[in-house]
Amino acid sequence: MPNRYRPVSTLLFAALVAFPLGCSHGPGDDAITKEVQQKVAADPETKDSQVSVAAKDGKVTLSGTVNSPEAQKKVEQIAREEQGVTAVENKTVVPPPPPPPPPPIVVQAGTVFIVRTTQALSSKTSTAGQGFLATLAQPISVGGVTAIPAGATCGGRVVTAKEKGKIKGEGQLALQLATVSFSGLTYQIQTNVLDSTIKGKGKRTAATTGGGAAAGALIGGLAGGGKGAGIGALVGGTAGLIGGAATGNKQIEIPAESPLSFTLTAPLTLPPPKQ
């Protein structure tokens with residue numbers, strides 16, 4: 001071949017060699033990005049992850065959040081195995097687990113509820129099963145945290161109400177708390193029964209039942225029982241007493257706003273305090 005044709009043949013040979021090499025290139029960056037995203041979304045281990053995929057010149061960058069270290073490794077594996085990928089930079093993170101919820105507040109059995117009645121009660125006029133309301137006079141705290149605020153509404157019931165006869169027979173009035181309400185919620189509670197009895201000749205006794213040992217004697221009868229007069233007492237710091245005003249036939253009278261104390265006989269579980 002004449003020398004004048006050699007440069008042309010050399011260029012033609014180079015073009016023929018370069019043509020198949022150009023056709024052998026892998027998929028472009030857009031195709032890589034799309035394939036990796038689809039495979040991450042379809043894989044059971046990584047489908048719940050929030051992963052972004054970016055590819056440039058065959059290098060894949062992964063970012064976002066994954067649910068576990070295992071999912072983080074799997075996302076990277078999917079990217080590395082994709083055709084045309086030359087490198088992988090894994091910037092995904094595993095978020096820390098949320099803190100455990102705070103424990104509930106437990107008001108233990110033996111806790112004393114000091115309340116003030118909002119209505120008058122009597123062995124003569126009250127009836128068994130009748131409800132009554134009272135207001136918590138002092139807050140209930142657990143571990144230095146107020147569990148039940150002062151002013152919470154307490155619901156109770158008359159367990160026994162028996163009018164004393166003029167000649168014989170005994171008068172009896174027994175009360176028990178059943179609920180406490182605050183912050184828009186009402187909770188069932190169990191307390192002892194405060195039981196006051198007037199026997200023949202005006203002798204009076206008082207006891208607590210349902211919460212352990214009987215406790216104490218009455219502390220002073222009230223003549224007329226003025227509003228707000230205190231007729232409740234704590235005995236040994238735990239037991240509540242019911243007192244009565246001396247009336248013509250020695251009935252047990254509890255004026256409105258009388259302080260009474262009840263003792264929890266079972267724990268009360270409350271939601272944890274708001275953070």
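Considering only residues of segment 30-61 that are of a type in the set (A, V, I, L, M, F, W, C) and outside any helix (DSSP H, G or I), which is farthest from Val94 (Cα to Cα)?
That would be Ala55.
So in segment 94-110, with the set limited to residues that are without any contact (Cβ under 8 Å) to a residue 40 or more places away in the chain and loosely packed, with under 14 Cβ neighbours inside 10 Å, which one is farthest from Ile189 (Cα to Cα)?
Pro95
Give all pairs with beta carbons closer than 7 Å in which a residue from segment 48-67 that is touching a residue at least 40 places away in the same chain (Cβ under 8 Å) meets a residue that is part of a strand (DSSP E or B); count only pairs at least 6 apart in sequence or on separate chains.
Filtered contacts from segment 48-67: Ser49/Gly64; Ser49/Thr65; Val51/Leu62; Val51/Gly64.
Every residue, every condition in (1) outside the structural domain of Pro255 (by TED's automatic domain parsing); (2) surrounded by 12 or more Cβ atoms within 10 Å (Cβ to Cβ), yes or no:
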residue: Gln83; (1), (2): yes, no
residue: Glu89; (1), (2): yes, yes
residue: Thr92; (1), (2): yes, yes
residue: Val112; (1), (2): no, yes
residue: Gly144; (1), (2): no, no
residue: Gly155; (1), (2): no, yes
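Within segment 47-96, how many residues turn out to be over 33 Å from the mean Cα position of the chain (by Cα) and of a type outside the set (Asp, Glu)?
Residues meeting the conditions: 29.
The values are calculated or read from the model by the stated rules, or taken from the named source; none is laboratory data. Bear in mind the structure is a predicted one, so any value in this text is a computation, not a measurement. Cβ sites come from the backbone with ideal geometry, for glycine too, and all protein chains shown count toward neighbours.
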